[in-house]
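What follows is one structure encoded as structure tokens, with my remarks underneath.
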Amino acid sequence: WGKYDPVDLVKQDMLRYGIEPTDFDHEEAGAVIDLMTHITMLYLHCQFRNLSRKRTKLTVCLQELGKLQVYTEILDLKLYKEISGQEKPTKENPDPLRLMFSNYVVEFVLSVMIQFVKLGLALELYNDHEYPVMFWYLDFLYGRWSVVKNTTMDFRHKQKVKKALKARKTNKRARNLKKQIEPPVHAPEHLLIEAQQSIYRGCAKVITALHAKASDGKDIGRPHFEFGSDNLRFFQRFGPFHHLRMPPCLWYSHFEGTMSLKDDTPEQVLGYATDAFSYSKKLLDALIKLPNACEQLSTDLAELKSLTRVAVTNQVNILRLGPGPRVVCNFDMHKCFPVISFVAKRSSKQAES
């Protein structure tokens, strides 16, 4: 760390996020910052090349983050009472006064959760029939992250407008100044989050549609095991997330409810998947054209191009569906984002060879 103290680095990161410097003076803030520093150091120390060990250490991080979320909720509530004079935020009077510590922490939580699930894909821990569940959960996590990003972006924009209005005395000048403030623009990180969310959403819908197509809409192609259940397997896969307060834990019934075709046909669901892949490609193309985007994202151009190839190839595969009924997820292009194809079932001779 050189001359920098880890606590000061965490404070600087919070200030860049938008936390008010005066919030650090609260008596409860010290415990939150210390615990966040401890978790940050723990997270940095678990970035091993051994992916299995890394995933195990991330479980410990998730446990500590659950404790931190309790502290941040208490701190935010106390700050809200002191600033607004009200007991707690309500739907009619949400907290418009400042960016909360909880927002800062939940973004870090979501990044760890996503990394945990994606490490399972890289390590090939999941069975083929579990892929739609994983892609569906990743779609949810990226979606929540995008919502938090949007909330933060809108709040910062409103803050700029509010300060501009206070700087002017006459209403006419204030209105003119308000028009001069540029509307908020998504940062490269936000664009990449939405692009990855769209790919996983498309993948989950493609697999669901193809399984329904292969079984004439009777089910989504999951095998039935004599011992155990889908609920139990789901809980085991996402058990570490139950230590967290936000985002809320999902259950297998949520997956079944949201991924059932209902009144849609498999062809319509494939159309929704095509739209998702198309939107992802649009975002990735915009990122590739942005100057210095890779530096801001701490990634390389090859990664963005690899994601683009996955989105485009999945679009092409939907247009050129095979005979089926077997759904195959291929991770050759990217270790965490599959290319999905619908191929003929292997004969007994092929399976033996």
For the stretch 210-231, state whether one or more residues are open to solvent by less than 40 Å² (accessible area, probe 1.4 Å), in contact with a His (Cβ under 8 Å, 6 or more places away or on another chain) and at pLDDT 65 or above. no
For the stretch 38-90, how many residues are among the polar types (S, T, N, Q) and assigned to a helix (DSSP H, G or I)? 8
For the stretch 111-122, indicate whether the set of residues that are open to solvent by 20 Å² or more (accessible area, probe 1.4 Å), in contact with a Ser or Thr (Cβ under 8 Å, 6 or more places away or on another chain) and either of a type in the set (A, V, I, L, M, F, W, C) or at positive phi (or both) is non-empty. no
Filtered residue count, the stretch 1-29, keeping only those that are more than 26 Å from the chain's Cα centre (by Cα) and either loosely packed, with under 13 Cβ neighbours inside 10 Å or among the hydroxyl-bearing types (Ser, Thr, Tyr) (or both): 9
May I ask you to verify whether PHE108 is under 29 Å from ASP139 (Cβ atoms), open to solvent by 10 Å² or more (accessible area, probe 1.4 Å) and assigned to a loop (DSSP other than H, G, I, E, B)? no
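The values are calculated or read from the model by the stated rules, or taken from the named source; none is laboratory data. In this text the structure is predicted, and so the values were computed from the model without any measurement. Because the Cβ atoms are built from the backbone with ideal geometry, glycine has one as well, and the counts that use them run over all protein chains shown. Note: accessible area is taken over every heavy atom of the protein model, side chains too, but ligands, DNA and RNA are not part of it. Shrake-Rupley method; radii C 1.70, N 1.55, O 1.52, S 1.80 Å.
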